[in-house]
Each structure stands twice: as C-alpha cells, then as structure tokens.
Amino acid sequence: MSCADVERFLGAYADGELNPERRRDLEAHLRGCPGCSARLRELEEQNAALAALRGDEPRPPAALKRDLRRRLRRKVLLTLARVLILALVVAAAFVPMVIARELPPLARVLFGLSGLALCAALAPLVWRALWEVKNVVWVRLAVKEEDGQ
Ligand SMILES: [Zn+2]
C-alpha cells in the first residue's frame, strides 16, 4: 500500500470502517511510515475534538435557569407596567385637545401643539417600552425552547 492509498483510506480507518484485509495492509504501512502515522494521529485528534464539541456541550445549571425565569417574570411585569403608564400619559396628552373645543381658536392651537410636543417627547420612551416587550418575548421563546429539549 502506498502513502497515497493510506491518505485515501485513513478517514475510514480512523472511523473503524475498513474491512479487515485493508486494515491489516494499512497498519503494516503505518508501522513503517512516520509521515502517515503522524497524519493518523492528527486525524484522531481532530475527531476527538469534534466529538468533545458535539457531546459535552455545557448545560446551564438548574439554579441559573430558575434565577433567569424569576428575573424574566419581573421584567415582564415591569414592562407591562411601563407600557400601561405610557399609554395613560399619552392619552392624557390628548385631553387638552378635547377640552380645547370650548376655548378660543388660539388657545386651541396652543393646546394642540402642547399635546403634540408631549407625544414627541414621549416617543423615545414608547420606543424603549416596545423594545423591552420585544426582548421579553424573545427571552421567553428562548426559555421555552430550552425547556422543550
Ligand atoms: Zn506513508
């Protein structure tokens, strides 16, 4: 068996998939060829590293999961409260516009503008609240997926 043959069959040999006759030939070559022996060791190390990656993936401990779930629950409540408060404040911003019907035109315009200004000032907060909701939903889905395994 030549070095080129060994190179071709080395993968199958490392996986234990060669027939006995070919395996004997290959082992005979390996005993007399340092280059192919080194190549085999390299391949076996790669296979071991891959197996370690596949098999020994660290799993989060139960305490960490519980803690994460508790923090997630708190975050959900906090986000809901924030969204509710923002909704109330934005609704309140439109109250002057409603009241303004009984006021002179200039006051109506001023109230309208103040309502719009308040909405504009709140926009980043609303955006932030929506972002939080998105994060909470995302984490929730991730936790569910983790539990599903
Ligand atoms: Zn060789």
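Quick notes on this one:
- Pairing residues of segment 1-28 that are more than 17 Å from Glu42 (Cα to Cα) and touching a residue at least 24 places away in the same chain (Cβ under 8 Å) with residues that are in a loop (DSSP other than H, G, I, E, B) and within 15 Å of the ligand (Cβ to nearest atom), at Cβ distances under 7 Å and at least 6 apart in sequence or on separate chains, gives Asp25/Met1.
- Sole exception among (1) assigned to a helix (DSSP H, G or I); (2) surrounded by 10 or more Cβ atoms within 10 Å (Cβ to Cβ); (3) not aliphatic (A, V, I, L, M); (4) not assigned by TED's automatic domain parsing to the domain that holds Arg140 for Arg69, by number: (4)
Let's see how each residue does on (1) among the acidic types (Asp, Glu); (2) within 16 Å of the ligand (Cβ to nearest atom); (3) not assigned by TED's automatic domain parsing to the domain that holds Arg140:
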| residue | (1), (2), (3) |
| --- | --- |
| Asp15 | yes, no, yes |
| Leu43 | no, yes, yes |
| Arg73 | no, no, no |
| Leu80 | no, no, no |
| Leu86 | no, no, no |
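- Test result for Glu21, away from the ligand (no atom under 16 Å from the Cβ), in a loop (DSSP other than H, G, I, E, B), loosely packed, with under 15 Cβ neighbours inside 10 Å and not aromatic (Phe, Trp, Tyr): no
The values are calculated or read from the model by the stated rules, or taken from the named source; none is laboratory data. All values derive from a computational prediction rather than experimental measurement. Heads up, the Cβs are rebuilt from the backbone with ideal geometry, glycines too, and the neighbour counts pull from every protein chain shown.
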